[in-house]
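S.K.: Before anything else, here's the structure in question.
The values are calculated or read from the model by the stated rules, or taken from the named source; none is laboratory data. A quick note: this is a predicted structure, and the numbers were derived from the prediction, not measured. Because the Cβ atoms are built from the backbone with ideal geometry, glycine has one as well, and the counts that use them run over all protein chains shown. Heads up: the accessible areas ignore ligands, DNA and RNA and are worked out on the full protein's heavy atoms, side chains in. Shrake-Rupley method; radii C 1.70, N 1.55, O 1.52, S 1.80 Å.
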Amino acid sequence: MCSRCVCSSQDDSFVKNPHLCDLKEDHLYHLSLNTNMDLEEMFSDVKFVCTGGTANRMRSFAEYVAQEIGHQFPTGVQMKNISAPADRYSMYKVGPVLSVSHGMGNPSMGILTNELIKLMYYAKCKDPIFFRIGTCGSIGHEGGTVIISDDCCDGFLKTSYTIPVLGKPFERRAQLDQGLIIELKDLIDKNDNFKVVSGTTMCAEDFYEGQGRLDGPFCKFSEEDKMQFLYRLSGKGIINMEMESTAFAALTKAAGIKASVVCVSLINRLKGDQVTTPKNVLDEWQKRPQVLVARYIKKNLCCSCK
Ligand SMILES: O=P(O)(O)O[C@H]1O[C@H](CO)[C@@H](O)[C@H]1O
Ligand SMILES: O=c1cc[nH]c(=O)[nH]1
């Protein structure tokens, strides 16, 4: 970090923002981290950043991955939520793995991903890989099916993430890392008790009308309209819908960070709208993408990172 500001060189870095050089300190407000802390000492060993919608899921993923990679916490040391003071996201660190909740929707995922990218920069992490471990609704695949996103599009079927910036639309390509997708698919084990498929993911801005649901408080379209829409999506290779993939894909791509989205389907939307699966089954289903991602981490962990 130069003495005057928070910056180190930005030439081949994750961030592209000259204004960071005007900051004497940078507060990653939603993570309750800032550059007055020794972020390099705390996070420079991070190689895998895993995100998912809920705090409990990301805590249990952290505990699971600790087992899988044989990470030992010092005796009596409890795994703590690093971002607890901010009372927004939950962040757990298990050696080279960060497990962070992202809440629901692109805006929440966007805030988190922006701050995680800056964290990687300040901590001088080397080639981190990001994952979104989520749930989704699928088109034509039963609940419990794991879906790897080959590509992602917004609700207008554009493979980009567009937000208003200074009153004008600002569009970024939402592209996931194709090499990482192939590596994940290579880790599918025929003995797994779940099916894995891949295709394009539609990232909706809404759970109800935005995903063609008839069961919200308002609905201006018919069941026929809904089914026509779902079959139109299916005809374009879109196999699932969720609500964070485009912000996640666009921002990680802009940072030059490899990223992948792996979700489990909670419902085949061709058969209905309501998620009625019992909690214990949903909990088991939610572990399935975690198995695949943990397998990747275990395989790619350098021995020195244990
Ligand atoms: O289970 P998570 O990862 O939150 O993802 C899905 O679940 C939420 C909707 O129920 C949305 O956030 C959607 O993207
Ligand atoms: O149908 C679903 C299920 C989970 N998440 C979504 O966004 N949609």
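S.K.: Where in the chain is the longest stretch that carries no GluC sites (Glu not before Pro) classed as loop by DSSP and with at most 15 other Cβ atoms within 10 Å?
M.R.: The longest uninterrupted stretch comes out as 26-141.
S.K.: Let me ask something else. Can you give the accessible area per residue of the chain, in Å², using a 1.4 Å probe?
M.R.: Per-residue value: 48 Å².
S.K.: Right, something else. Of P289, L270, L214, which is farthest along the charge dipole of the chain in the positive direction, counting Lys and Arg as +1 and Asp and Glu as -1 at C-beta?
M.R.: P289
S.K.: Please get the size of the charge dipole for the chain, origin at its Cα centre, with Cβ charges of +1 on Lys and Arg and -1 on Asp and Glu, quoted in debye to the nearest 20.
M.R.: 320
S.K.: Then there is this: Taking only Cα atoms, what is the 0 to 90° angle, nearest 10, from helix 245-255's long axis to the longest principal axis of the chain?
M.R.: The angle comes out at about 30 degrees.
S.K.: Got a number for carbon plus sulfur as a percent of region 127-233's accessible area, 1.4 Å probe?
M.R.: 54
S.K.: Let me ask another. Any idea what angle helix 55-69 forms with the longest principal axis of the chain, computed on alpha-carbon atoms, 0 to 90 degrees, nearest 10?
M.R.: 70
S.K.: What is the helix-to-structure angle for 279-300, meaning the angle in degrees between its Cα long axis and the longest Cα principal axis of the chain, kept from 0 to 90 and rounded to the nearest 10?
M.R.: With rounding to tens, the tilt is 50 degrees.
S.K.: On to the next question. When the chain is treated as a GNM, springs tying every alpha-carbon pair under 10 Å, which of L180, L31, L266 comes out with the largest mean-square fluctuation?
M.R.: Comparing L180, L31, L266 in the GNM, the peak value goes to L180.
S.K.: Taking the chain as a Gaussian network, Cα atoms linked when under 10 Å apart, which of I82, I148, I267 shows the biggest mean-square fluctuation?
M.R.: Among I82, I148, I267, the largest GNM mean-square fluctuation belongs to I82.
S.K.: While we're on this one: Taking a cut-off of 18 Å between Cα atoms, list the lysines near K299, but don't count ones fewer than 8 places away on the same chain.
M.R.: K47, K126, K185, K190, K258
S.K.: Turning to a different aspect of this structure: Going by average Cβ density within 10 Å per residue, which order do the peptides 116-127, 91-102 take, highest to lowest?
M.R.: 91-102, 116-127
S.K.: A further question on this structure: Could you work out which residue, out of S222, S260, S198, moves most in a Gaussian network model of the chain, that is, has the largest mean-square fluctuation with Cα springs under 10 Å?
M.R.: Of S222, S260, S198, the most mobile in the Gaussian network model is S222.
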